[in-house]
1. Of the residues Gly56, Gly29, which is farther than 23 Å from Arg110 by Cβ, surrounded by 17 or more Cβ atoms within 10 Å (Cβ to Cβ) and modelled with pLDDT of 90 or more?
2. Find the strands (runs of 3 or more DSSP E) located wholly in region 1-95 whose residues include 2 or more that are hydrophobic (A, V, I, L, M, F, W, C), and list them.
3. Quick one: what pairs do we get from region 76-97, first residue over 14 Å from Asn62 (Cα atoms), second assigned to a strand (DSSP E or B) and among the aliphatic types (A, V, I, L, M), C-beta under 8 Å, 6+ apart or different chains?
4. Report, by residue number, each residue of region 38-61 that is over 16 Å from Thr12 (Cα atoms) and either in contact with a strand residue (DSSP E or B) (Cβ under 7 Å, 6 or more places away or on another chain) or free of Cβ contacts under 8 Å to residues at least 12 places away in the same chain (or both).
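The values are calculated or read from the model by the stated rules, or taken from the named source; none is laboratory data. Just so we're clear, the structure is a prediction, and the values are computed from it rather than from any experiment. So basically every Cβ, Gly included, is an ideal-geometry build from the backbone, and we count neighbours across all protein chains shown.
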Amino acid sequence: MKFTLDKTKRITKRRTFLHIQRYGKRSFGRHLVLVSKGLKAERNGQFGITVSKNVGKAHERNKIKRRFRHIIRLNQYMFNNKLLVIMARPSAKACPFSELNEDLLFAYKRLNKG
């Protein structure tokens, strides 16, 4: 199994973030909101992480983003043929890594169930 994330797997354009947030399906967790949009063509999926300034200072927001990237790195199957946007809630700042991991996987399972 490959434990690296290529830059090509990240969503970088604001236009793409807004499109996914407008037309994607949402799933809510305690510490995040997960938005997903399927891809019609067979291609690798992409993910993006947004952490608002109301979550905390820059070092806190960066820590949350690093944690989410690591969770995605360990569970790369999640974004095959999908565009995923992870939006962190302010409560994500105080929760441990294991809880973030469980929350993201729970939201992902709920999203794919319905």
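1. Gly56
2. 32-38, 46-51, 82-88
3. These pairs meet every condition: Met78/Leu84; Leu84/Leu34; Leu84/Val35; Val85/Leu34; Val85/Val35; Val85/Ile49.
4. Gly38, Leu39, Lys40, Ala41, Lys53, Val55, Lys57, Ala58, His59, Arg61
Condition check ((1) surrounded by 14 or more Cβ atoms within 10 Å (Cβ to Cβ); (2) farther than 27 Å from Lys113 by Cα; (3) not small (Gly, Ala, Ser)) across all residues:
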residue: Lys9; (1), (2), (3): yes, no, yes
residue: Lys37; (1), (2), (3): yes, no, yes
residue: Ala41; (1), (2), (3): no, no, no
residue: Gly45; (1), (2), (3): yes, no, no
residue: Gly48; (1), (2), (3): yes, no, no
